[in-house]
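Let me begin by presenting the structure, written as structure tokens, before commenting on it.
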Amino acid sequence: HEHRQLAMPSSPDLVVLISNENWRQRKDALETLERVDEREARVAFNRMQKTLSDGNLQVRNASAHAMGELSLPEVWGRVPGEFASQAVPALARCLADADPAIRKIAKQPLRVLQASQSVGDVSVAGQAALPELVEQLRDEHWRLRETACTALADMGPGCLSTTQDFAQLLGDESANCRQAAKKALEKLAGEGLAAAQFWNVMPPILKDLLPRMSHKDWRLRCSVCWAVGQGAKSVLLKASMLADIVSRKDQDAAVRRVAAEMLGLMGTAMMPATAALAGALKDDTSTLDLRTACFQSLANLHKELSALVGRAMRNNLEAKRGVERAQRCAYRLGGASRSERKHGTDLMVTPGVHQLATVPELLRILLDPTSPGAAAGIDSEYDAIDTLQAMGKAGLLGRFDASPGVAEDVLLELQKRLQDQAWNVALSSAEALAALAIGLQAPLNCLKAHQEGKSPKMQAAAKHVASQLPILQTSEIAEQAARQMRVVQSPDWEPGPIPDADKKLANELARSSLLLLSEKGLIERLDLDKEAEMLENRKRLAALREQHAGRGRG
């Protein structure tokens, strides 16, 4: 350990030492680098990044710690953007390391950097790592795919543009990868990011997932059925077509109104259509009825998103800071100067913690002329619409786009799985169909009401829209699901040699779904009550028979 005799080796000496064959030499040199001055650190910093992939765990630990330390503001007495901008992407890549110890090591300095705000949002500073992490999602080793997915989710809002990439893992052959993708999307949605909800992520990848329903592994088939049930609602409703109808000025106003009303009943799944609805709302050529429909749809979305953000704020302290930042950005759109408003727009489109509240704040500008962000009048409103359009292009609002024919294939494949030999898959497909029937109910009821209404003009408009949709009968879809669930509820159901706990769970899931379908009016409540009574009677009869048989054996 000759280098220890030097009070403070120069950076060139340290660069040599961190390349030394002896791991102890490399480790001690990295620990020394934490204490050098700014000029010295600059010389060694690039080489230091390479040691994050060192073969020795202790060296990698020292490297991650040193990079985190050099990025803190108290080291130089100012915000060290130069070091932090390089350190964060390097540490973000470590979050996808196959070694859990390395992932843990990297998380600590990133948390410190986020808390100190020395680099702003870590999710923004780590953007440079995205291409490598996305590429790792396609690695042949499942462990690396899994860790890449988890690392992307750890970047929070910074990974919104990559959600379709890691959602592909919902159809991965590795159960760990499938679970990682599910948890990643649920984590982001729990942080208030509506663009990461299943129905806003799934449409573009459904074509790739559907063939996995025929995979030999029943667990994979089951997983894909569940994912499709969560994410196919907007595809079945052809929401991208509805949004296109709303935005087309050459389209009949009544047809545009029907499309706008249907979108407004889709919950947060309408989010990719926000810019189209906002554009029609502020279009001078739009009729009053059309503007009213767009206003109501955007108000519905604002309410849904506000509730989502409110839940996130209760569970995540970082969410409160994100809301405050989004409000400051929105305030700029009320500025008198074009440059100030453009700055606000640029900030809102940039990935960051404010993304959870950006859309609600933009909608507030459009819906409430007294809000601070609307102070510039029509200029504020048009800037808000431009911001929503830019966010849509950047993938920050989720996506509608799906391949042609996918809507029809979704129902066909799920219906096939109802006959699957694996009871888990059959039940999962029934649950998926039930979820879709419930999700489709309100928009299709709206369409039906116009078709059966008294206005010939609205009847014609509704028929025009219906002619472009796949044939969707929510009652039929619900009944298909209910039939399978009734089978599971039956005392005669024999799925094979499975644990009693699994059989009980399946029974409870089926019962819960039947009750939900009943509450939504998709199956007859009276029939369900009768079935429940019959079920109890049959169970009692079966118990009596078993008791009698037992006595006979005795």
Out of the residues in the stretch 410-445 that are more than 15 Å from Gln484 (Cα to Cα) and surrounded by fewer than 18 Cβ atoms within 10 Å (Cβ to Cβ), which is farthest from the chain's Cα centre (by Cα)?
-> Asn445
Turns out the helices (runs of 4 or more DSSP H) fully within the stretch 87-200 with at least 1 residues that are at pLDDT 95 or above and within 30 Å of Gly439 (Cα to Cα) are 175-190
All but one of (1) within 22 Å of Val224 (Cα to Cα); (2) open to solvent by 60 Å² or more (accessible area, probe 1.4 Å); (3) of a type in the set (A, V, I, L, M, F, W, C); (4) not in a helix (DSSP H, G or I) hold for Leu509; which doesn't?
-> (4)
Please enumerate the residues belonging to the stretch 517-543 that are at pLDDT 85 or above and open to solvent by 80 Å² or more (accessible area, probe 1.4 Å).
-> Glu519, Lys520
Examine the stretch 401-409 for a residue that is in a helix (DSSP H, G or I) and open to solvent by less than 30 Å² (accessible area, probe 1.4 Å), and state whether such a residue exists.
-> yes
In the stretch 261-286, residue surrounded by the most Cβ atoms within 10 Å (Cβ to Cβ) [restricted to those that are touching a residue at least 60 places away in the same chain (Cβ under 8 Å) and not in a helix (DSSP H, G or I)] | Met266
Would you check if there is a residue in the stretch 198-215 being open to solvent by less than 60 Å² (accessible area, probe 1.4 Å), aromatic (Phe, Trp, Tyr) and under 27 Å from Leu152 (Cα atoms)?
-> yes
Are any of the residues in the stretch 454-463 modelled with pLDDT of 85 or more, surrounded by fewer than 17 Cβ atoms within 10 Å (Cβ to Cβ), in contact with a His (Cβ under 8 Å, 6 or more places away or on another chain) and farther than 22 Å from Gln421 by Cβ?
-> yes
Of all residues making up the stretch 131-154, the number that are over 19 Å from the mean Cα position of the chain (by Cα), open to solvent by less than 90 Å² (accessible area, probe 1.4 Å) and charged (D, E, K, R) = 1
Residues (within 16 Å of Cys294 (Cα to Cα) and not β-branched (Val, Ile, Thr)) located in the stretch 242-256 | Leu242, Ala243, Asp244, Ser247, Arg248, Lys249, Gln251, Asp252, Ala253, Ala254, Arg256
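The values are calculated or read from the model by the stated rules, or taken from the named source; none is laboratory data. What you see is a predicted model; the values in this text were computed from it and never measured. Cβ atoms come from the backbone with ideal geometry, glycine included; neighbour counts cover every protein chain shown. The area values use the complete protein model at the heavy-atom level, side chains included, leaving out ligands, DNA and RNA. Shrake-Rupley method; radii C 1.70, N 1.55, O 1.52, S 1.80 Å.
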